[in-house]
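Bear in mind these aren't lab numbers, they're just calculated from the coordinates by the rules spelled out. This is a predicted model, so every value here is computed, not measured.
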């Protein structure tokens, strides 16, 4: 199930063991698995994609950094 959401605060992801990278504010699409949320977004002509643990995604939603447009995943 795809959920539409919006980054409205500071949201970060990590590529491997590298430094945290900020996701720019704006619309995103989110796909869920049992453990992960995969976020995708567009930046100009480039597309971004990252998976984060579901607990991190839910924390960002609870903190108000991600605003969902549908009910959160169970």
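Just to be sure I understand: with springs between alpha-carbon atoms less than 10 Å apart, which residue in 36, 56, 17 has the highest mean-square fluctuation in the Gaussian network model of the chain?
Its mean-square fluctuation being the largest, the pick is 17.
Is the chain best put as rounded, prolate or oblate by its Cα gyration tensor, with a ≥ b ≥ c the root eigenvalues, rounded for a/c under 1.5, and otherwise prolate when a/b is larger than b/c, oblate when not?
Rounded.
Suppose only helical runs count, i.e. DSSP H with n ≥ 4. What mean residue ellipticity at 222 nm does that imply for the chain under -39500 (n - 2.57) per run, divided by all residues and rounded to the nearest 500 deg cm²/dmol?
-4000 deg cm²/dmol
For the chain, what's the relative contact order in percent, using C-alpha pairs closer than 8 Å and at least 6 residues apart?
Over the chain, the number comes to 34 percent.
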